[in-house]
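Report on the structure given below.
The values are calculated or read from the model by the stated rules, or taken from the named source; none is laboratory data. Here the structure is a predicted model, which is why all the values come from computation and not from measurement. Ideal geometry is used to build each Cβ from the backbone, glycine not excepted, and the neighbour counts take in all protein chains shown.
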Amino acid sequence: MIVVAVVLILTAVTVPRLLNTVSDISLRYAASDFSGLVQSARIQAVRKNTFYTILQGTLPSGTPGYYLDLPKAGVYNNGDPVVPISSSVTFWPGIGSGAPNEGAFIASLNFTVNPGGSPLSFNARGLPCVAVANACPQTPGQGFVVFMSKPAVMGGVPWAAVVINPSGHIQQWTSDGNGNWIQRD
């Protein structure tokens, strides 16, 4: 009986932590996948000497996703690089996500963050820009941040962020749950 009681107590303590860890890892994978799509957009823009935009939309399977709009059609086309989005992961481009200690995190980046509403684009030099008609002018000193969250199974909400600084460098960050942000790459 004592052994069974000890096993039950240990299980009650470790299972919630394990489930939260799995949720946190799942969010990190989503951030890593999105970061890879962003890097692909940057590389394609430089390679093809044009600008490219990452858009959010519904994929043919009916799942939401982000895709690199290669033909600049404004809709997903077969062959566009894509990252499907889990229904449990929420994306917030720009500021105002409600992430822990968001204001201090953004201030620590030392550049102006695009407030959101404009899809993330890269110009022919691989610099972040906001596409307007047939051009994508860069605003000097401006970059992008995309926040992501996923509710943990046993309470709490882990957060991640993909940061694109004005020089086009892409970084992944996660919050430790106490409002501290840790760079992951």
Legend entry - Criterion (buried (at least 17 other Cβ atoms within 10 Å of the Cβ) and either touching a His at 6+ places or on another chain (Cβ under 8 Å) or at positive phi (or both)) met by exactly one of Gly94, Gly62: Gly94
Legend entry - the range 134-180, subset farther than 16 Å from Ser97 by Cβ, assigned to a strand (DSSP E or B) and aliphatic (A, V, I, L, M), residue modelled with the lowest pLDDT: Ala135
Legend entry - Residues satisfying the stated conditions in the range 97-124, i.e. in a loop (DSSP other than H, G, I, E, B) and more than 30 Å from Thr50 (Cα to Cα): Ser97, Gly98, Ala99, Pro100, Asn101
Inset, instruction - Only residues that are under 11 Å from Pro84 (Cα atoms) and hydroxyl-bearing (Ser, Thr, Tyr): list them for the range 36-66, please. - result: Thr58, Ser61, Thr63, Tyr66
Inset, instruction - May I ask you to say which residue of Arg47, Arg28, Arg42 is part of a helix (DSSP H, G or I) and loosely packed, with under 14 Cβ neighbours inside 10 Å? - result: Arg47
Legend entry - Count of the range 121-133 residues which are on the phi < 0 side of the Ramachandran plot, modelled with pLDDT of 90 or more and surrounded by fewer than 23 Cβ atoms within 10 Å (Cβ to Cβ): 5
Inset, instruction - Could you check how many residues of the range 97-115 are under 22 Å from Gly57 (Cβ atoms) and surrounded by 17 or more Cβ atoms within 10 Å (Cβ to Cβ)? - result: 2
Legend entry - Checking Gln56 against (1) part of a loop (DSSP other than H, G, I, E, B); (2) polar (S, T, N, Q); (3) within 17 Å of the chain's Cα centre (by Cα), the condition it does not meet: (1)
Legend entry - Yes/no for Pro71 being without any contact (Cβ under 8 Å) to a residue 12 or more places away in the chain, assigned to a loop (DSSP other than H, G, I, E, B) and of a type outside the set (S, T, N, Q): yes
Legend entry - Counted residues, the range 78-96 - those being in a loop (DSSP other than H, G, I, E, B) and within 18 Å of Ser23 (Cα to Cα): 5
Inset, instruction - Could you grab me the full set of residues in the range 146-185 that are among the small types (Gly, Ala, Ser) and either free of Cβ contacts under 8 Å to residues at least 40 places away in the same chain or loosely packed, with under 14 Cβ neighbours inside 10 Å (or both)? - result: Gly155, Gly156, Ser167, Gly179
